[in-house]
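Below is one structure, written out as structure tokens; comments come after it.
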């Protein structure tokens, strides 16, 4: 039995890969200096939770076949140094995913935004149609126990293609590893400024990804993105180019509907951004032999991935949503989508500056007018997070100026912001939370229940 050891097993992606390999029949061990839920509970359920936290180089020996190194570890990690001393093979997370799936037809969804949603859509359709497939997605998807599945039998592998670094010792973007047969790119909007400090450097990663598509493969891409137009109109003749735009749709009483081949399909999702995602997913599924009728019958029941315009609570007068949006382009698109879906309701949109890029003083001007579709926009940041990320301090006034919109209110105290939200009469109003964090401790489900119970 192959023995695979994870250094930093507690990460969101790492613990899911560990469970997937355990389920496939491998011997899996791992270590970490701290593990939180849901990783902790999931690892414990499968008997993979380390007996004690910390790094134990004495447990690294020649009997281990594979080491998988997570981003949470450092280059001087004691277990990593011992593995290198013993000349053990050390893989990054994406490298080992490729190793497991290099004999399969690989579908990779990339782009600065929307990739989790599109990957989830494709997974939902394939599962509904009883396809056998492996996958890796960056959020929990309804109907799937884990975010990673690997098997011996599946002929297809669906990967969300992240452009962030592979590991502390492998500084290539993750999606450069996957070498897709079918690829999709949603668009290019500057992110990860700590890794790609210039716009040209960031854009170059997507060109490299497009160049990695296998011969006679296909690339689905959003036609209105200027950078993708430069990249995708210069593909080799052997690569099929499949541009897409927003799917035509109608909105009635807060419900979105599409008409395909004279047949109406009601959707659980909404917003132009999601209708773009849906159209891209449709073209990818077409490359897998799925007809349009099959696709729309299956996608009609898709409710979305966790924190991707997720409905927390709603009644006749109010809807409360949670979205992962934090980049400027996604912030603007998500706010606009909710406002257009309910044009007769006031929209209170709350956004947290939480990522390295969003809290960077040089990056802040990218947020200009991104919240203009909200009737009230509450922007929160925690100065302690800035200190933890070792960034220069920013002030409420600088954030206010960067957003450049009169509807923006800036908070640095989560209790004060929550108190302000609780004062609001929620009749004929919607609330939208947007963050990759939790506004320094908000339990979103409980808070939503309290507001409109």
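Assorted remarks:
- For the range 101-117, the condition of being surrounded by fewer than 19 Cβ atoms within 10 Å (Cβ to Cβ), not in a loop (DSSP other than H, G, I, E, B) and not assigned by TED's automatic domain parsing to the domain that holds residue 156 holds for none of the residues.
- Checked against (1) assigned to a helix (DSSP H, G or I); (2) out of contact with any helix residue (DSSP H, G or I) (no Cβ under 8 Å at 6 or more places or on another chain), residue 42 passes all but condition (2).
- Residue 438 being touching a helix residue (DSSP H, G or I) at 6+ places or on another chain (Cβ under 8 Å), within 27 Å of residue 193 (Cβ to Cβ), in a loop (DSSP other than H, G, I, E, B) and assigned by TED's automatic domain parsing to the domain that holds residue 317: yes
- A single entry from 117, 146 fulfils the requirement of being touching a helix residue (DSSP H, G or I) at 6+ places or on another chain (Cβ under 7 Å) and over 29 Å from residue 29 (Cβ atoms): 117.
- Strands (runs of 3 or more DSSP E) wholly inside the range 215-293 that include at least 1 residues being touching a residue at least 24 places away in the same chain (Cβ under 8 Å) and surrounded by 19 or more Cβ atoms within 10 Å (Cβ to Cβ): 218-222, 240-244, 255-260, 263-267
- Test: residue 8 is touching a strand residue (DSSP E or B) at 6+ places or on another chain (Cβ under 6 Å), on the phi > 0 side of the Ramachandran plot, surrounded by 24 or more Cβ atoms within 10 Å (Cβ to Cβ) and modelled with pLDDT of 95 or more: yes
- Residues (free of Cβ contacts under 8 Å to residues at least 12 places away in the same chain, in a loop (DSSP other than H, G, I, E, B) and closer than 12 Å to residue 60 by Cα) located in the range 73-92: 87
- Some residue of the range 355-368 being over 23 Å from the mean Cα position of the chain (by Cα), buried (at least 23 other Cβ atoms within 10 Å of the Cβ) and part of a loop (DSSP other than H, G, I, E, B): no
- Test result for residue 187, at positive phi and within 15 Å of the chain's Cα centre (by Cα): yes
- Given (1) closer than 23 Å to residue 223 by Cβ; (2) assigned by TED's automatic domain parsing to the domain that holds residue 398; (3) out of contact with any strand residue (DSSP E or B) (no Cβ under 7 Å at 6 or more places or on another chain), number of the condition residue 363 does not satisfy: (1)
- Among the residues of the range 437-453, those identified as on the phi < 0 side of the Ramachandran plot and exposed (fewer than 14 other Cβ atoms within 10 Å of the Cβ) are 443, 445, 446, 449, 450, 453.
- Evaluation of residue 371 against the conditions (1) surrounded by 19 or more Cβ atoms within 10 Å (Cβ to Cβ); (2) assigned to a loop (DSSP other than H, G, I, E, B); (3) without any contact (Cβ under 8 Å) to a residue 40 or more places away in the chain shows that the sole unmet condition is (3).
- Qualifying residue in the range 371-378 (condition: under 24 Å from residue 111 (Cβ atoms) and within 23 Å of the chain's Cα centre (by Cα)): yes
- Qualifying residue in the range 11-27 (condition: exposed (fewer than 15 other Cβ atoms within 10 Å of the Cβ) and free of Cβ contacts under 8 Å to residues at least 60 places away in the same chain): yes
- Among the residues listed as 123, 136, the single one being in contact with a strand residue (DSSP E or B) (Cβ under 8 Å, 6 or more places away or on another chain) and under 25 Å from residue 355 (Cα atoms): 136
- A residue that is over 23 Å from residue 198 (Cα atoms), surrounded by 15 or more Cβ atoms within 10 Å (Cβ to Cβ), under 24 Å from the mean Cα position of the chain (by Cα) and free of Cβ contacts under 8 Å to residues at least 40 places away in the same chain cannot be found anywhere in the range 397-418.
- From 306, 325, 300, residue being surrounded by fewer than 21 Cβ atoms within 10 Å (Cβ to Cβ) and within 15 Å of the chain's Cα centre (by Cα): 306
The values are calculated or read from the model by the stated rules, or taken from the named source; none is laboratory data. As the structure is a prediction and not an experimental result, all values here were calculated from the model. Backbone-built Cβ (ideal geometry, glycine too); neighbour counts: all protein chains shown.
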